[in-house]
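Note sheet for the following structure.
The values are calculated or read from the model by the stated rules, or taken from the named source; none is laboratory data. All figures in this text were calculated on a predicted structure; none of them were measured in a lab. All Cβ positions, glycine included, derive from the backbone under ideal geometry; neighbour counts span all protein chains shown.
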Protein chains: 2
Amino acid sequence: MRLATVRVTDAPTSETVAAVHTGEGWRRLGSPDLSAFLAGGGVPEADGDVLASGRPVLPLPHPGKVVCCGLNYADHIAETGREQPAYPTLFAKYADTLVGPDDDIRVPCTAQVDWEAELAVVVGHHLRHADRETAGRAIAGYTVANDISLRDWQYRTGQWFQGKAWDRTTPVGPVVVTPDEVDPIAGLDISCRVNGELVQHASTRTLVFDAAALLAYVSTFTALRPGDLVLTGTPGGVGVAREPQVFLGDGDVVETEIAGIGTLRNTIRTDPAPSPSREG
Amino acid sequence: MRLATVRVTDAPTSETVAAVHTGEGWRRLGSPDLSAFLAGGGVPEADGDVLASGRPVLPLPHPGKVVCCGLNYADHIAETGREQPAYPTLFAKYADTLVGPDDDIRVPCTAQVDWEAELAVVVGHHLRHADRETAGRAIAGYTVANDISLRDWQYRTGQWFQGKAWDRTTPVGPVVVTPDEVDPIAGLDISCRVNGELVQHASTRTLVFDAAALLAYVSTFTALRPGDLVLTGTPGGVGVAREPQVFLGDGDVVETEIAGIGTLRNTIRTDPAPSPSREG
């Protein structure tokens, strides 16, 4: 199944609905979005009507937790000069950090803005102290994300958080595909293009820690709940690791694609930099 | 004012209420807890009745964001061998990470569990791109926290998050004191005792980044809302920096005190370690 939160474009209001894609189009699932749908147990309405038109937006607008893994593809680990990890490197984002699959991404004009194409895992069941098998069964589906990073802020201190948790900078979507339709361990092509030029291209089969392993690991220390997101890390090819370094600027278009799931298309828009007095 | 979320001990149910301390005792504010009270604008009920009895519990059970600052006291920075920072080192916890002022703290028996007495700032108004003055006016009050850390997990990778975000390990409370009654810049005595022995003792006047500076800085990248918490970092004296290192074990009692606010008293309880197969 291909699930989405869809904006009903011919509705008088800007209503969104959780929906499943069928041969006829998007069919209502009976919830306002996939966050509510999964929180309610993920049971579709028996006779949801088919929408005349609809556009996928941010599929999970209200995740309680967005846990991200860094350094999880062998080639990206190599380009950062590090060794293969024994444990996943984890950090947090917020629901506020997320934007939709074709939304603009607003950043300060001074920031060193970089791309990170990622497979995102959607949690379907409550998990705590889960083993790998239990965690695997709790996966509601997979979607596409780009862990857009402000490298100058990320590296201001040893903790990456302040370069990773800028409001409305991480696009997610366009759809959530259930595990019966895609298998990241067998390998899904993941790629990122900037203004049409391919900058990242890898397969999810080279992930060091796969989806089930990450969910089990995180559940050792904190509960995961339906609608939570786990981002699995990015492959090689990021701008900060290039020589010379490359960063995104105003008007640049970032396309993030995973075969079998879909494509994000986001334009970078720069704002005047925050004044020094506003940085503390 | 001294505000709290109070469990009504003589009620037939385990009801909690937001309350303010008066000469007669705890008076109801008209909300089930301080998270709801602050989200509702922080306007007290005009004629809330005085409770016959009540015990302060976790004052803010539902913060949307818990942002933590590390390395923010000159002596603690020195004991970790680092230089004075130009920027605050920030990381995240969850609402799930918090426990009440006298709750037990459950950790795996194998973990290297350490104390970190901290001043916590409670956000009272929405903040985004705030300057220092605006941020200062948005402070609803101050409370006590202990950023209990699992050092072995914290240092498994470069990112501290997985050692800092264990469910129900960060005690907060017992009360929130409004800024007209306490001034951390003038200096509040902050201390931590383990089984009665003083292990940390400092003044909040030696904070590198004060409360208003931290709120302004965080608001540069993400919105803060009423009821959010910002932990300001810990002074010197943590167990991991001692020679030999000292960690907390089953039955150890940690008391965390800030003069003019109150004292947390939490007992460490250890569980069997998670099995290796459950760690990924």
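Below is a table of values for the structure above.
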quantity: Test: residue in segment B:63-71 that is modelled with pLDDT of 95 or more, among the aliphatic types (A, V, I, L, M), closer than 30 Å to residue B:154 by Cα and surrounded by fewer than 22 Cβ atoms within 10 Å (Cβ to Cβ); calculated: no
quantity: Members of segment B:200-221 that are assigned to a loop (DSSP other than H, G, I, E, B) and either aromatic (Phe, Trp, Tyr) or surrounded by 23 or more Cβ atoms within 10 Å (Cβ to Cβ) (or both); calculated: B:209
quantity: Output for segment A:17-30, where each listed residue is touching a Ser or Thr at 6+ places or on another chain (Cβ under 9 Å), at negative phi and not β-branched (Val, Ile, Thr); calculated: A:18, A:19, A:26
quantity: Members of segment A:244-280 found to be at pLDDT below 95 and not in a strand (DSSP E or B), listed by number; calculated: A:272, A:273, A:274, A:275, A:276, A:277, A:278, A:279, A:280
quantity: Any hit, segment A:133-156, residues being touching a Pro at 6+ places or on another chain (Cβ under 7 Å), modelled with pLDDT of 95 or more and within 26 Å of residue B:126 (Cα to Cα); calculated: no
quantity: Subset of segment A:16-52 [of a type in the set (Gly, Ala, Ser), closer than 16 Å to residue A:175 by Cβ and in contact (Cβ under 8 Å) with a residue 40 or more places away in the chain]; calculated: A:35, A:42
quantity: Contacts under 6 angstrom Cβ, first residue in segment B:56-82 being over 27 Å from residue B:5 (Cβ atoms), partner of a type in the set (Ser, Thr, Tyr) and buried (at least 24 other Cβ atoms within 10 Å of the Cβ), 6 or more apart; calculated: B:76/B:234
quantity: Only listed residue being free of Cβ contacts under 8 Å to residues at least 40 places away in the same chain, more than 14 Å from chain A (Cβ to nearest Cβ) and either outside any loop (DSSP other than H, G, I, E, B) or of a type in the set (Ser, Thr, Tyr) (or both), chosen from B:9, B:13; calculated: B:13
quantity: Matching entry among A:80, A:89, A:22, A:16 (being among the β-branched types (Val, Ile, Thr) and buried (at least 22 other Cβ atoms within 10 Å of the Cβ)); calculated: A:16
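Listed here are the residues, each with its yes/no results for (1) under 17 Å from the mean Cα position of the chain (by Cα); (2) of a type in the set (D, E, K, R).
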{"position": "A:186", "(1), (2)": "no, no"}
{"position": "A:203", "(1), (2)": "yes, no"}
{"position": "A:237", "(1), (2)": "no, no"}
{"position": "A:260", "(1), (2)": "yes, no"}
{"position": "A:271", "(1), (2)": "no, yes"}
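Here's the yes/no breakdown for (1) within 30 Å of residue B:105 (Cβ to Cβ); (2) within 14 Å of another protein chain (Cβ to nearest Cβ); (3) touching a Leu at 6+ places or on another chain (Cβ under 6 Å); (4) in contact (Cβ under 8 Å) with a residue 60 or more places away in the chain:
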site: A:201; (1), (2), (3), (4): no, no, no, no
site: A:210; (1), (2), (3), (4): no, yes, no, no
site: A:217; (1), (2), (3), (4): yes, yes, no, yes
site: A:228; (1), (2), (3), (4): yes, yes, no, yes
site: A:234; (1), (2), (3), (4): no, no, no, yes
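Per-residue answers, yes or no, for (1) within 15 Å of residue A:121 (Cα to Cα); (2) under 18 Å from the mean Cα position of the chain (by Cα); (3) of a type in the set (D, E, K, R):
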residue	(1), (2), (3)
A:175	yes, yes, no
A:182	yes, yes, no
A:194	no, yes, no
A:210	yes, yes, yes
A:214	yes, yes, no
A:220	no, no, no
A:234	yes, yes, no
